[in-house]
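Beneath this line is the structure, given in structure tokens, with notes to follow.
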Amino acid sequence: MLKPVIFHPGARQDVKDAYQYYEVKQWGLGKDFVFSMKDAKQRIAAYHKSYRFIFDKVKKILLQRFPYVVFFKEHEREILIVAVFHCARNPAHMRGIIRARH
């Protein structure tokens with residue numbers, strides 16, 4: 001049985017911000033970003049055990065087509081998407097935000 005994949009409120013806001021950015025950049029591109037995010041969520045649900053730990057039992061997956069990384073952590077009853085960041089972000093800054101969210 002697959003564990004449910006849920007979003008931390010901060011991660012949900014990360015997705016909304018990226019959607020708005022891409023939708024302003026080109027109409028429909030924000031929707032494509034959301035589809036890519038949904039695909040990542042499905043891959044996390046199905047294959048979360050196959051991804052390696054990055055730090056503090058947090059794992060990551062790259063979005064297809066967009067330069068974003070999704071950080072997630074497995075809990076006993078669910079998988080929590082902790083953050084969704086652009087790959088150009090400072091890794092030390094990202095790590096601090098992720099630690100604060102999980």
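The values are calculated or read from the model by the stated rules, or taken from the named source; none is laboratory data. It should be emphasised that the depicted structure is a prediction, and the values quoted were computed from it without experimental measurement. In this analysis, Cβ positions are derived from the backbone assuming ideal geometry, glycine residues included, and neighbour counts consider all displayed protein chains.
Listing for the model above:
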| read-out | value |
| --- | --- |
| Every residue from the range 64-93 that is buried (at least 18 other Cβ atoms within 10 Å of the Cβ) and either of a type in the set (A, V, I, L, M, F, W, C) or touching a Gly at 6+ places or on another chain (Cβ under 7 Å) (or both) | Phe66, Val69, Val70, Phe71, Phe72, Ile79, Leu80, Ile81, Val82, Ala83, Val84, Phe85 |
| The range 58-87 residues that are more than 27 Å from Leu29 (Cβ to Cβ), paired with ones that are modelled with pLDDT under 95 and of a type in the set (Val, Ile, Thr) (beta carbon under 8 Å, 6 or more apart) | Val58/Ile98 |
| Sole exception among (1) surrounded by fewer than 17 Cβ atoms within 10 Å (Cβ to Cβ); (2) touching a helix residue (DSSP H, G or I) at 6+ places or on another chain (Cβ under 8 Å); (3) basic (Lys, Arg) for Arg52, by number | (2) |
| Given (1) in contact with a strand residue (DSSP E or B) (Cβ under 9 Å, 6 or more places away or on another chain); (2) more than 20 Å from Gly10 (Cα to Cα); (3) among the basic types (Lys, Arg); (4) surrounded by fewer than 12 Cβ atoms within 10 Å (Cβ to Cβ), index of the condition Lys57 fails | (2) |
